[in-house]
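Contents: one structure, followed by commentary.
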Amino acid sequence: MTIRLLTLVLPLLLGACAATMAPPAERLATAEAAARGAKELGAEKDPKAALHLKLAQEQIDQARTLMKEEQNVRADHVLQRAHADAELSLALAKEATVNDETAKAKEKLKAVKGGK
């Protein structure tokens, strides 16, 4: 009987706690910062990085809407995903930059070796 009562009451208690959650302003700021960092590193130039940057931005916008509707728990979850997508975009942008620099270095080396 006690377990049955807990299974009925626990979701209500958790729902009450979730309903009073403060807006996830800090998570919003970190997701925005990660997206901004990816943009500054040229994520828009790499197709994979650009895709994840776009997803992150869409999720940030969705979270803002949810926060206005006081659906802060859902907004927090969406922002977690946005932050992950923005970080992935940032990593992919870094990888693309390193790959470009490596290719240029190989071309220079080839030119130097060919000049001997």
Report, by residue number, each residue of the range 44-67 that is closer than 15 Å to LYS94 by Cβ and surrounded by 22 or more Cβ atoms within 10 Å (Cβ to Cβ). ASP46, ALA49, HIS52, LEU53
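Could you list, in sequence order, all residues of the range 27-43 that are surrounded by fewer than 22 Cβ atoms within 10 Å (Cβ to Cβ) and under 14 Å from ASN99 (Cα atoms)?
Listed by number, the residues that qualify are LEU41, GLY42.
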Output yes when any residue across the range 94-116 is within 15 Å of the chain's Cα centre (by Cα), surrounded by 18 or more Cβ atoms within 10 Å (Cβ to Cβ) and assigned to a helix (DSSP H, G or I), and no when none is. no
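Any read-out appearing in this document is the output of simple, stated calculations on the displayed coordinates, not a laboratory observation. These numbers come from a predicted model, not from an experiment. Positions of Cβ are generated from backbone atoms using ideal geometry, with glycine treated the same way; all protein chains shown enter the neighbour counts.
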